[in-house]
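Each value in this text was obtained by applying a stated rule to the coordinates, not by laboratory testing. These figures come from a predicted structure and were not determined experimentally. A quick note on method: Cβ atoms are made from the backbone with ideal geometry, for glycine too, and the neighbour counts reach across all protein chains shown.
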Amino acid sequence: MSLLITNDCINCDVCELTCPNNAIFPGEEIYEINPELCNECIGFFNHPQCQQVCPVACIIPQQRNP
């Protein structure tokens, strides 16, 4: 699994700074997560840090395609 940022994103920049894998980047309208780099912080933290710091809770789990 990886994470997805929804359209509720307010572009606050906080998630990008907390990602240990540099998987989060500014998209055209909102921040986006590169699913190839996102591992939900496994090996770094017990919980995804972007979800912990997001002020609007717009980062949700996304199933990867098989």
Quick one: if the Förster radius is 25 Å, what FRET efficiency do ILE10 and HIS47 give, using the C-beta to C-beta distance and rounding to 0.05? 0.75
Rounded to one decimal in nm, the spacing of the 7 Å Cα→Cβ label points at PHE25 and MET1 is 2.5
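Give me the dipole magnitude in Debye, nearest 20, for the chain about the Cα centre, with unit charges on the beta carbon: positive for Lys and Arg, negative for Asp and Glu. Mind showing how you got there, number by number?
Numbers: 1 positive and 8 negative charges, 54 e Å.
In debye, rounded to 20, the chain gives about 260.
Below 8 Å between Cα atoms, with a sequence gap of 6+, how large is the relative contact order for the chain in percent? Could the numbers behind the result be given before it?
Values: 104 pairs, mean separation 29.9, N = 66.
About 45 percent, as a whole number.
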Across 10 Å bins from 0, what is the distribution of all Cα-Cα pair distances for the chain, in whole percents? 23, 61, 15, 0
